[in-house]
Amino acid sequence: MMHSHTQENENEGGEETNMAAWLLGIKNLQIQPYHLPPLGPNDVKVEIKALGICGSDVHHFKNMRVANFIVKKPMVIGHECAGIIKEIGHNVKSVAVGDRVALEPGISCQSCNLCKNGSYNLCKKMKFFGSPPTNGALANQVIHPENLVFKLPDNVSLEEGAMCEPLSVGVHACRRANVSPDTKVLIFGAGPIGLVTMLAARAFGAPKIIVADVDELRLSFAKDLGADATIQVSKNIQDIEKETTMIFEAMGESVDISFDCVGFDKTMSTALNATRAGGKVCLVGLGQTQMTIPLVAAASRNTWPLCIELLRTKKIDVMPLITHRYKFTQQDVEKAFETSAQGGNAIKVMFNL
């Protein structure tokens with residue numbers, strides 16, 4: 001068993017060395033020391049307790065890049081996370097040491113016009129955990145701005161807190177498309193993002209939700225999570241007409257809103273075909289670059305409080321999405337990323353630190 005370091009490493013001051021999972025090259029992750037910057041007056045230090053692996057993390061792991069974001073130097077990976085506050089800056093008022101919190105991973109500049117007008121998610125200077133050149137959160141501890149940590153209610157677990165990040169994508173999509181008890185929904189893609197979009201659409205009151213995917217295993221997962229119907233589609237562009245008819249038959253009538261959580265020409269064309277005149281098609285995944293959205297936070301804003309509320313009231317249960325759990329050891333970090341990269345029956349792979 002290979003152990004380069006463990007978190008018990010101590011330096012001369014007797015303090016534990018902060019360790020993190022560094023991406024050093026293609027499929028090369030090593031747990032190594034991570035020296036944090038000093039704690040600013042508006043910052044908090046968080047001990048990370050739960051962290052999920054996202055499609056973009058896997059993409060970095062396999063290719064050292066996501067779209068135009070290229071890993072040029074070693075980088076700490078990971079961004080879907082929650083933990084416990086260890087230390088607070090002298091201006092921090094909203095949270096206290098010992099609080100359990102979910103972290104919103106995109107740090108905007110706070111000073112440009114977009115930030116000042118509330119569209120901080122579109123900030124040109126956005127620093128996003130684990131997207132080069134910004135270090136991520138698969139570490140014992142990280143430093144984060146107070147305004148991007150959200151206290152978890154007692155009945156919301158740290159794992160659920162870590163799931164707020166992917167859930168935010170689904171919540172934001174349903175908000176943008178105005179999902180309601182009047183809207184019948186079609187979702188392309190039964191991966192993690194398609195599934196959280198389905199859970200969010202149900203919480204927003206959608207009376208009928210159909211999920212389409214090429215993978216039978218993922219469709220059975222969607223059915224177990226409450227899809228009204230599932231449709232196995234092909235990758236073949238010639239099948240659009242036939243599959244549109246299948247969708248109409250399953251829906252019983254027309255589709256009001258389609259969410260494309262895959263983002264291929266084929267899924268987009270089928271979504272446009274199957275959705276009624278005056279309906280909406282919402283593009284959530286960017287599959288033509290072979291992945292889900294690289295900077296998910298660039299797409300969502302002000303969603304964490306609503307996500308936490310949906311989890312608190314049990315309107316959404318994200319726990320069945322967590323299919324695999326690993327510890328923060330060199331061996332487990334390697335295994336977890338391999339498991340996530342293989343897909344198959346892995347939906348959400350979670351680290352418990």
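In the stretch 135-148, what residues are part of a strand (DSSP E or B) and under 18 Å from LEU51 (Cβ atoms)?
ALA139, GLN141, VAL142, ILE143, HIS144
So which residues in the stretch 256-285 are in a strand (DSSP E or B) and either hydroxyl-bearing (Ser, Thr, Tyr) or touching a residue at least 40 places away in the same chain (Cβ under 8 Å) (or both)?
Hits for the stretch 256-285 are ASP256, ILE257, SER258, PHE259, ASP260, THR275, LYS280, CYS282.
Looking at the stretch 95-113 only, could you name the residues that are over 21 Å from ARG312 (Cα atoms) and loosely packed, with under 15 Cβ neighbours inside 10 Å?
If the condition is that a residue be over 21 Å from ARG312 (Cα atoms) and loosely packed, with under 15 Cβ neighbours inside 10 Å, then VAL97, CYS109, GLN110, SER111, ASN113 are the ones that fit.
From the list LEU195, LEU219, exactly one residue is touching a Lys or Arg at 6+ places or on another chain (Cβ under 9 Å), assigned to a helix (DSSP H, G or I) and either in contact (Cβ under 8 Å) with a residue 12 or more places away in the chain or in the same structural domain as VAL171 (by TED's automatic domain parsing) (or both). Which is it?
Just a single option satisfies the conditions, and that option is LEU195.
Only one of ALA67, ALA82 is closer than 29 Å to GLY285 by Cα, at pLDDT below 85 and of a type in the set (Gly, Ala, Ser). Can you tell me which?
None of the other options fit; the residue is ALA67.
Conditions tested, residue by residue: (1) assigned to a strand (DSSP E or B); (2) out of contact with any Pro (no Cβ under 7 Å at 6 or more places or on another chain); (3) farther than 22 Å from ASN302 by Cβ.
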| position | (1), (2), (3) |
| --- | --- |
| PRO133 | no, yes, yes |
| PHE150 | yes, no, no |
| VAL156 | no, yes, no |
| GLU159 | no, yes, yes |
| PRO166 | no, no, no |
| VAL169 | no, yes, no |
| CYS174 | no, yes, no |
| VAL185 | yes, yes, yes |
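Got a number for residues in the stretch 55-72 being among the hydrophobic types (A, V, I, L, M, F, W, C) and without any contact (Cβ under 8 Å) to a residue 12 or more places away in the chain?
Total meeting the criteria: 0.
Which of the residues belonging to the stretch 96-136 are of a type outside the set (Asp, Glu) and at pLDDT 95 or above?
Across the stretch 96-136, the qualifying residues are ALA96, VAL97, GLY98, ARG100, VAL101, ALA102, LEU103.
The values are calculated or read from the model by the stated rules, or taken from the named source; none is laboratory data. Treat the numbers as computed from the prediction; the structure is a model and nothing was measured. Virtual Cβ from ideal backbone geometry, glycine too; neighbours counted across all protein chains shown.
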